[in-house]
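K.L.:
First the structure, then my questions, so here it is.
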Amino acid sequence: MLNLALDAARRGLTRFSGLSHSTTNICEEELLISGPTLIQGLGHRSETVRRANLSVIVRELHEHGSLSRSELGVRTGLTRSAIRVLIGELADLHLVNEGTAAALGTPGRPSSLVRPTPLGAVVLGMDVKVDSVDVAAVGLGGEILNQIRIERPRGRISVDQTVADLVDLVDRVWATTPGREALVGIGVAVAGLVRRSDGLVYNAPNLGWSEVPFGAQLSDALQATVPLTVANEADMAVLAEHRRGAAINAEHVIYLSGEVGVGGGVIIDGRPLTGLAGYGGEVGHMPVNPNGIACRCGSYGCWETEIGEGALLLRAGHRPGGGQGEVELVLEEVAAGVPEALNAVDNMGRWLGVGLAILVNVFDPEIVVLGGLLGRLHPYVSPRVERELDRLALRAPRGLVRVVPSMLGTHASLLGAAELAFEPMLSDPLGWAGVRTAAIAASA
């Protein structure tokens, strides 16, 4: 039981510590949490243990939905009495509630279902793409309370205009959505290189941004009183697919998105691989073709130039900068069996397989999730991708990996940004509640 609790706490409190600088890290000695009665004069702080217990419970409910007390006991290793007390505390914080009893098919009194309370903690998720911006209010447990997306001409992507668009969308979301007083964080996904510590967008070639203090500008414009964290959109998408999409229960995941640009997110041993400053995972700029064309990043032969939207349109005989309208035409031609479109897709499948073989050999993933345009093309490119993997990847890791389309589609990075925004609260719900109480008192 003790080992179960330690493992559950370690998974919950350190699994995504790389996603947010504000995530709590608690040493192993402080995570011996099979029950308060085991903490006996070993220098452990009971308050730290209590906070760790609360975090484990609320995280389980947030990620997995309604659970009975018995299920929580199995998942966390906590004793029944400890769970009863912790649920009471979380209910007092309006983070959970108990509902209809669950019939478990065993003798004795049925166990009540403990549910996350969506309006008990709310975040804003934002997604900045080349031709659109999204804002969603998301409640505890992952429930989308409201979402608004606007399409933007690809020429209208200045930083100032993007900030103005996001502020306007936030106002529109809150105009029809309850829960503003329960806001605990804001997460923003951006298609570019992002420094996690301060939200600096170092380079976003497809947006035309370079060394932009986007996090600070957006926080100021929103007059944010909660943590606002900016991260790469593919890193956010892999987080969402890992928690709520195609890669649930997988500990080694690669996510690859393809639109105007190509982005990648990697999870190894259940933890995000983001690099020293958050710049890791830019697989779209792997040089795969020595004889390739110039990329917007300044290099040549990048993977993006072979499997991005522009490459597909050009090979299919369409205008490379034609945008979504042209992409839809190509997809229609593919479905109709137009030879030029089929050849373009086959070529994309070839280069997709070449790059994936490199990633499979390096990272040995369980699953590769294709998102965005690549996800939509999966049924058409899959045969060629599989052949290239068979030809180029090492046999051992090749035999273990699956390539699948995204389950979350275009919402993946938006939902991942929301998950990122929840991290500080999930890591320390009691501390967050204290901050919220102080803020309410100050505004009274």
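K.L.:
Scan region 233-261 for residues that are assigned to a loop (DSSP other than H, G, I, E, B) and under 20 Å from residue 131 (Cβ atoms) and jot them down. Steps first, please.
P.N.:
Of all residues in region 233-261, those assigned to a loop (DSSP other than H, G, I, E, B) come to 245-252, 259-261.
Answer for region 233-261, where residues must be assigned to a loop (DSSP other than H, G, I, E, B) and under 20 Å from residue 131 (Cβ atoms): 259, 260, 261.
K.L.:
Name the one entry in 293, 268 that is of a type outside the set (Ser, Thr, Tyr) and in contact with a His (Cβ under 8 Å, 6 or more places away or on another chain).
P.N.:
Sole residue among the options that is of a type outside the set (Ser, Thr, Tyr) and in contact with a His (Cβ under 8 Å, 6 or more places away or on another chain): 268.
K.L.:
Let me ask you something else. Condition first: in a helix (DSSP H, G or I) and either among the basic types (Lys, Arg) or under 15 Å from residue 377 (Cβ atoms) (or both). Now tell me which residues in region 315-332 satisfy that.
P.N.:
Correct list: 315, 324, 326, 327, 328, 329, 330, 331, 332.
K.L.:
Another one. Test residue 151 against the criterion of being in the same structural domain as residue 208 (by TED's automatic domain parsing), under 29 Å from residue 174 (Cβ atoms) and at pLDDT 95 or above, and give yes or no. Steps first, answer last, please.
P.N.:
Working: in the same structural domain as residue 208 (by TED's automatic domain parsing): yes; under 29 Å from residue 174 (Cβ atoms): yes; at pLDDT 95 or above: no.
No; evaluated as a whole, the condition is false for this residue.
This table checks each residue for (1) closer than 26 Å to residue 208 by Cα; (2) more than 21 Å from the chain's Cα centre (by Cα).
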site: 262; (1), (2): yes, no
site: 273; (1), (2): yes, no
site: 310; (1), (2): yes, yes
site: 328; (1), (2): yes, yes
site: 332; (1), (2): no, yes
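K.L.:
Among (1) surrounded by fewer than 19 Cβ atoms within 10 Å (Cβ to Cβ); (2) at pLDDT below 95, there is one condition residue 382 misses while meeting the rest; what is its number?
P.N.:
Of everything listed in (1) surrounded by fewer than 19 Cβ atoms within 10 Å (Cβ to Cβ); (2) at pLDDT below 95, residue 382 misses just condition (2).
K.L.:
Restricting to region 203-216, what's the tally of residues that are buried (at least 16 other Cβ atoms within 10 Å of the Cβ) and outside any loop (DSSP other than H, G, I, E, B)?
P.N.:
Count: 6.
K.L.:
Still on this model: What's the number of the only condition in (1) charged (D, E, K, R); (2) within 18 Å of residue 163 (Cα to Cα); (3) out of contact with any strand residue (DSSP E or B) (no Cβ under 8 Å at 6 or more places or on another chain) that residue 211 fails to meet?
P.N.:
Only one criterion in (1) charged (D, E, K, R); (2) within 18 Å of residue 163 (Cα to Cα); (3) out of contact with any strand residue (DSSP E or B) (no Cβ under 8 Å at 6 or more places or on another chain) is unmet by residue 211, namely (3).
K.L.:
Going by the structure shown, is residue 346 charged (D, E, K, R), free of Cβ contacts under 8 Å to residues at least 24 places away in the same chain and surrounded by fewer than 17 Cβ atoms within 10 Å (Cβ to Cβ)? Spell out the reasoning first.
P.N.:
Details: charged (D, E, K, R): yes; free of Cβ contacts under 8 Å to residues at least 24 places away in the same chain: no; surrounded by fewer than 17 Cβ atoms within 10 Å (Cβ to Cβ): yes.
No, not satisfied.
K.L.:
Further, regarding this structure: Return the only residue of 233, 259 being in contact with a Lys or Arg (Cβ under 8 Å, 6 or more places away or on another chain), acidic (Asp, Glu) and crowded, with 24+ Cβ neighbours inside 10 Å. Show your work before the answer.
P.N.:
Values: 259 fails: crowded, with 24+ Cβ neighbours inside 10 Å.
Among 233, 259, only 233 is in contact with a Lys or Arg (Cβ under 8 Å, 6 or more places away or on another chain), acidic (Asp, Glu) and crowded, with 24+ Cβ neighbours inside 10 Å.
The values are calculated or read from the model by the stated rules, or taken from the named source; none is laboratory data. Just so it is clear, the model here is predicted, and its values are computed rather than measured. All Cβ positions, even for glycine, are placed from backbone atoms using ideal geometry, and neighbour counts span all protein chains on display.
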